[in-house]
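Novice: Before I ask anything, here is the structure I am working with.
The values are calculated or read from the model by the stated rules, or taken from the named source; none is laboratory data. Quick caveat: nothing in here was measured; it's all calculated off a predicted structure. Quick reminder, even Gly has a Cβ in these numbers, built from the backbone with ideal geometry, and neighbours come from all protein chains shown. Ligands, DNA and RNA are stripped out before the accessible areas are found, and what is left, the full protein with its side chains, is counted by its heavy atoms. Shrake-Rupley method; radii C 1.70, N 1.55, O 1.52, S 1.80 Å.
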Amino acid sequence: ILECRKLIQERGLNVVIEPIVESESAKESGIRPKFEQMIRDIKAGKYNGIIAWNPDRLARNAKDSGEIMDLLDKHIIKDLQFVSFTFQNNTAGKMLLGIAFVLAKQYSDQLSDNVKRGIRNSVLEGKYLSKAKYGYFKDINQFLRPDGNNFVLLKTAWKMRLEGQTQEVIMKYLNDNGFSRATDKTGENHEPYKWSKTRISELFKDPFYTGVLN
């Protein structure tokens, strides 16, 4: 936004609305309410141009980029201004813009594939990618390790449940015996943890403790 404001000053652009900040990803169409409102406002004639940092901030999917290109072709969008991309509203300029949109989509798709592949490989190696499970700490290599006495307390809690003890009794047992959670990758530092009815219920529904990792 700061760089766009600098661009506005340098080029003397006439801005009629405050910045549109979208929290949803541009990777998928139909999930960005502010983008869709912007398109409706442009079609209604409230403004006729867009300022953005780069084309990939506008769209990284075929539908949204196609919408921008169509409005350019119909002269409803009169101009686009970018901080890190040069656009001219002519045949060659629209061709380069189209290529930029395609490259943005390709980069986004490839990044998603790479992330998924990395996650699959990590899981196959036995690594855990989220916050450490109760009774464990996650070491520097992302492996879960039994967390000393907290692991013993949790193991006892499961044994109590198998023997028919209520969740309320088990919750009190864990809280009374000072259950805590590790705060680093060594398992040496901890913070107090207070069990609630919701958390204890979730614990006994988690298949991880039977050896199944989702």
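Novice: Would you check which residues across the range 32-55 are open to solvent by 40 Å² or more (accessible area, probe 1.4 Å), in contact (Cβ under 8 Å) with a residue 24 or more places away in the chain and either within 21 Å of the chain's Cα centre (by Cα) or closer than 18 Å to residue 4 by Cα (or both) and list them?
Specialist: 48, 51, 53, listed by residue number.
Okay, residues lined up against (1) within 23 Å of the chain's Cα centre (by Cα); (2) over 30 Å from residue 194 (Cα atoms); (3) open to solvent by 80 Å² or more (accessible area, probe 1.4 Å); (4) not acidic (Asp, Glu):
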residue	(1), (2), (3), (4)
75	no, yes, yes, yes
92	no, yes, no, yes
95	no, yes, yes, yes
102	yes, yes, yes, yes
109	yes, yes, no, no
119	yes, yes, no, yes
162	no, no, yes, yes
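Novice: Here's something else I'd like to know. Is there any pair linking a residue in the range 151-172 that is under 19 Å from residue 132 (Cα atoms) and touching a residue at least 24 places away in the same chain (Cβ under 8 Å) to one that is open to solvent by 60 Å² or more (accessible area, probe 1.4 Å) and outside any helix (DSSP H, G or I), with Cβ under 6 Å and at least six apart or on different chains, and which?
Specialist: Listed by first residue and then by second, the contacts come to 153/177.
Novice: In the range 187-202, what count of residues is obtained for those that are open to solvent by 80 Å² or more (accessible area, probe 1.4 Å) and either part of a helix (DSSP H, G or I) or not charged (D, E, K, R) (or both)?
Specialist: Adding up the residues that qualify gives 6.
Novice: Then there is this: For the subset of the range 164-199 comprising residues that are among the β-branched types (Val, Ile, Thr) and at pLDDT 95 or above, which member is nearest to residue 137 (Cα to Cα)?
Specialist: Looking at residues that are among the β-branched types (Val, Ile, Thr) and at pLDDT 95 or above, I get 170.
Novice: Taking residue 123 and the conditions (1) free of Cβ contacts under 8 Å to residues at least 40 places away in the same chain; (2) within 23 Å of residue 205 (Cβ to Cβ); (3) open to solvent by 60 Å² or more (accessible area, probe 1.4 Å); (4) not small (Gly, Ala, Ser), which numbered condition does it fall short on, given that it satisfies the others?
Specialist: Status for residue 123: all satisfied but (1).
Novice: Within the range 153-162, does at least one residue satisfy the condition of being more than 30 Å from residue 55 (Cα to Cα) and not in a helix (DSSP H, G or I)? Can you show your working first?
Specialist: First, pick out the residues of the range 153-162 that are more than 30 Å from residue 55 (Cα to Cα): 153-162.
Remaining after also requiring not in a helix (DSSP H, G or I): none.
There is no residue in the range 153-162 that is more than 30 Å from residue 55 (Cα to Cα) and not in a helix (DSSP H, G or I).
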